[in-house]
Amino acid sequence: MLIPKNHIASKLPDVKTTIFTTIGILANKHKAVNLSQGFPNFKVDPHLLDLVTKAMHNGHNQYAPMAGDISLRETISQKIQTLYNQKYNPETEITITAGATQAIFTAITAFISVGDEVIVIKPAYDSYEPSIIVNGGIPVAITMSPKDYSIDWNIFKNKISSKTKMVIINTPHNPTGTIWSKNDMQQLEEILKNTNIIVLSDEVYEHLVFDGQSHESVAKYKDLANRSIICSSFGKTFHITGWKIGYCVAPSYLMNEFRKTHQFNVFSTHHPSQIALAKYLKNPKSYSSLSSFYQKKRDFFVQELQDSKFKILPCKGTYFQLLDYSNITQEKDTSFAERLIKKHKIASIPISVFNENNRDDKVLRFCFAKTQDTLQQAVEILKEL
């Protein structure tokens with residue numbers, strides 16, 4: 001006999017279908033130019049594809065080690081040490097994951113218990129809070145300024161309590177395109193000093209920082225590095241979001257707990273991709289050239305919209321550009337985004353869905369990780385509004 005639906009208590013009663021799925025379905029239905037979901041629509045480097053094919057032909061088709069292929073972990077360790085002057089032991093402090101979202105969920109599951117508080121800086125990527133809630137944790141929101149999406153560190157400090165177990169940060173930041181400064185990192189480091197609070201640092205866009213600025217990884221800061229789990233993604237870096245390959249680095253005392261959950265979550269990830277990425281990463285140009293590549297796309301998109309009715313917010317990193325539409329209409333961002341798809345055939349993401357209490361700043365997020373012809377179609381539509 002089946003259990004009646006009303007007898008099953010949901011662990012996530014308030015969670016609805018993600019905005020990315022909702023907008024994606026609507027965009028496909030109306031054949032809209034899709035600048036909503038954050039994935040590139042251009043081709044992957046043929047060399048990387050060749051490396052995966054060779055790995056398959058060479059027999060790397062069975063389970064990878066639970067923590068990931070050691071050659072890839074060693075390469076990641078070398079890369080982090082070169083970029084951020086922090087050494088992670090590839091044997092005990094690096095784990096390959098099924099994308100960054102799995103890494104984030106695993107990290108939260110490994111450490112958050114019923115009643116633990118987790119500070120989330122809003123607007124925030126939409127997987128953070130459900131992952132906290134499903135584990136019995138309590139999200140504690142800190143809202144960024146609507147003017148420049150900066151953090152008020154006095155408010156942050158006052159949100160810390162005896163129940164605070166974790167802080168989740170994200171830089172470069174999705175959805176705002178802001179980046180954390182050295183001062184931001186130092187403020188965080190000082191506030192958390194003499195606490196046992198864990199930092200979960202989402203750094204999937206680490207190689208997409210513009211205008212000559214640099215990425216401030218928590219790995220650069222000794223006290224932060226000693227309490228932090230860093231999640232990153234090859235999908236964002238190498239235009240292979242469909243491969244779902246990411247990684248996580250942390251001190252061994254944290255990584256040991258992370259792996260206890262990871263091994264019963266996915267155990268391991270796609271083996272031939274790991275072999276290929278280990279070889280591909282040997283050439284630093286594979287990631288060092290990304291900032292200039294995406295900055296050209298950002299600059300084109302922004303320049304074309306200079307004379308439009310949109311207010312262009314600064315984009316310092318990621319491949320997302322925020323546009324303030326308050327000079328066009330005062331309708332809700334969710335309504336305007338829907339109207340843009342149905343009437344004007346262009347898709348974006350409304351920012352209110354990432355904000356505390358759905359605060360509506362009259363801002364939409366557009367992904368510029370697209371081919372030149374797609375961006376050209378998009379700006380032509382937007383300039384007519």
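The values are calculated or read from the model by the stated rules, or taken from the named source; none is laboratory data. Computed from a prediction, not measured in an experiment: that's the story for all the values here. Cβ atoms come from the backbone with ideal geometry, glycine included; neighbour counts cover every protein chain shown. Just the protein is used for accessible areas: all its heavy atoms, side chains included, with ligands, DNA and RNA removed. Shrake-Rupley method; radii C 1.70, N 1.55, O 1.52, S 1.80 Å.
So which pairs qualify, if the first residue must be in the stretch 358-385 and more than 12 Å from L305 (Cβ to Cβ) and without any contact (Cβ under 8 Å) to a residue 40 or more places away in the chain, the second must be of a type outside the set (A, V, I, L, M) and assigned to a loop (DSSP other than H, G, I, E, B), the Cβ gap must be under 8 Å, and the two must be at least 6 apart or on different chains?
Pairs that qualify, where the first residue is more than 12 Å from L305 (Cβ to Cβ) and without any contact (Cβ under 8 Å) to a residue 40 or more places away in the chain and the partner is of a type outside the set (A, V, I, L, M) and assigned to a loop (DSSP other than H, G, I, E, B), are D360/K332; K362/Y325; K362/S326; K362/Q330.
Yes or no: I328 among the β-branched types (V, I, T), in contact (Cβ under 8 Å) with a residue 24 or more places away in the chain and assigned to a loop (DSSP other than H, G, I, E, B)? I'd like the intermediate steps shown before the answer.
On the way: among the β-branched types (V, I, T): yes; in contact (Cβ under 8 Å) with a residue 24 or more places away in the chain: yes; assigned to a loop (DSSP other than H, G, I, E, B): yes.
Considered against the rule, which asks whether it is among the β-branched types (V, I, T), in contact (Cβ under 8 Å) with a residue 24 or more places away in the chain and assigned to a loop (DSSP other than H, G, I, E, B), I328 comes out as yes.
What is the residue count in the stretch 145-174 for residues that are part of a helix (DSSP H, G or I) and of a type in the set (D, E)? Talk me through it step by step, then tell me what you get.
Initial filter on the stretch 145-174 (part of a helix (DSSP H, G or I)): 153-159.
Filter once more, keeping what is of a type in the set (D, E): none.
So the answer is 0.
Going through the stretch 264-286 one residue at a time, which ones are in contact with a helix residue (DSSP H, G or I) (Cβ under 7 Å, 6 or more places away or on another chain), at pLDDT 95 or above and open to solvent by less than 30 Å² (accessible area, probe 1.4 Å)?
P272, S273, Q274, I275, A276, L277, A278, Y280, L281
Which residue pairs have Cβ atoms under 8 Å apart, sit 6 or more places apart or on different chains, and have a first residue in the stretch 90-117 that is under 13 Å from N135 (Cα atoms) and a second that is aromatic (F, W, Y) and at pLDDT 95 or above?
That search, which allows pairs on different chains as well, returns I104/Y128; T106/F258; A107/F258; I108/Y128; A110/F258.
Within the stretch 225-234, can one find any residue that is farther than 24 Å from L188 by Cα, without any contact (Cβ under 8 Å) to a residue 60 or more places away in the chain and crowded, with 22+ Cβ neighbours inside 10 Å? Steps first, please.
Looking only at the stretch 225-234, we keep the residues that are farther than 24 Å from L188 by Cα, and these are 234.
Then drop every residue that is not without any contact (Cβ under 8 Å) to a residue 60 or more places away in the chain, which leaves 234.
Subsequent filtering for residues that are crowded, with 22+ Cβ neighbours inside 10 Å retains 234.
Yes, the stretch 225-234 has at least one match.
Could you tell me which of the residues E331, E304, E338, E356 is charged (D, E, K, R) and either touching a His at 6+ places or on another chain (Cβ under 6 Å) or modelled with pLDDT under 95 (or both)? Break it down into steps so the answer makes sense when it comes.
Values: E331 fails: either touching a His at 6+ places or on another chain (Cβ under 6 Å) or modelled with pLDDT under 95 (or both); E304 fails: either touching a His at 6+ places or on another chain (Cβ under 6 Å) or modelled with pLDDT under 95 (or both); E338 fails: either touching a His at 6+ places or on another chain (Cβ under 6 Å) or modelled with pLDDT under 95 (or both).
That would be E356, the only listed residue that is charged (D, E, K, R) and either touching a His at 6+ places or on another chain (Cβ under 6 Å) or modelled with pLDDT under 95 (or both).
Counting only residues that are out of contact with any strand residue (DSSP E or B) (no Cβ under 8 Å at 6 or more places or on another chain), hydrophobic (A, V, I, L, M, F, W, C) and farther than 21 Å from L83 by Cα, how many does the stretch 221-275 have?
5
From the set of residues in the stretch 41-76 that are touching a residue at least 40 places away in the same chain (Cβ under 8 Å) and small (G, A, S), which is most open to solvent (accessible area, probe 1.4 Å)?
Applying the filter and picking the extreme gives S71.
Please work out which residue is nearest to the chain's Cα centre (by Cα), limiting yourself to the stretch 139-193 and to residues that are open to solvent by less than 20 Å² (accessible area, probe 1.4 Å) and of a type in the set (F, W, Y).
Result: W180.
Give me a count of the residues in the stretch 218-238 that are within 21 Å of F320 (Cβ to Cβ) and of a type outside the set (D, E, K, R). So that I can check it myself, show each step before the final result.
Initially, the stretch 218-238 is screened for residues within 21 Å of F320 (Cβ to Cβ), giving 230-238.
Those left that are additionally of a type outside the set (D, E, K, R): 230-235, 237-238.
The total comes to 8.
Restricting attention to the stretch 171-206, and to residues there that are touching a strand residue (DSSP E or B) at 6+ places or on another chain (Cβ under 8 Å) and small (G, A, S), which single residue is nearest to P350 (Cα to Cα)?
G177
Read through the list (1) charged (D, E, K, R); (2) touching a Ser or Thr at 6+ places or on another chain (Cβ under 9 Å); (3) assigned to a loop (DSSP other than H, G, I, E, B), then give the number of the only condition that K11 fails.
(2)
Just checking, how many residues over the stretch 300-318 are assigned to a loop (DSSP other than H, G, I, E, B) and basic (K, R)? Step through it out loud before you land on a result.
Applying the first criterion (assigned to a loop (DSSP other than H, G, I, E, B)) to the stretch 300-318 yields 305-310, 313-316, 318.
Okay, now just the ones that are also basic (K, R), so 309, 316.
Within the stretch 300-318, residues that are assigned to a loop (DSSP other than H, G, I, E, B) and basic (K, R) number 2.
Quick check on the stretch 122-131: of everything there that is closer than 13 Å to D14 by Cβ and either modelled with pLDDT of 95 or more or in a strand (DSSP E or B) (or both), which residue is most open to solvent (accessible area, probe 1.4 Å)?
So the first thing to find is which residues in the stretch 122-131 are closer than 13 Å to D14 by Cβ, and the list is 126, 129-130.
After this cut, where a residue has to be either modelled with pLDDT of 95 or more or in a strand (DSSP E or B) (or both) as well, the list is 129-130.
Values: E129: 54, P130: 33 Å².
Ranking the qualifying residues of the stretch 122-131, first place goes to E129.
Condition check: at pLDDT 90 or above, out of contact with any Ser or Thr (no Cβ under 9 Å at 6 or more places or on another chain) and not charged (D, E, K, R). Does T21 satisfy that?
Details: at pLDDT 90 or above: yes; out of contact with any Ser or Thr (no Cβ under 9 Å at 6 or more places or on another chain): yes; not charged (D, E, K, R): yes.
For T21, the condition - at pLDDT 90 or above, out of contact with any Ser or Thr (no Cβ under 9 Å at 6 or more places or on another chain) and not charged (D, E, K, R) - is met.
Which members of the stretch 240-258 meet the condition of being open to solvent by 40 Å² or more (accessible area, probe 1.4 Å) and not in a loop (DSSP other than H, G, I, E, B)?
Pass one, the stretch 240-258, residues open to solvent by 40 Å² or more (accessible area, probe 1.4 Å): 241-244, 252-253, 256-257.
Result: T241, G242, W243, S252, Y253, N256, E257.
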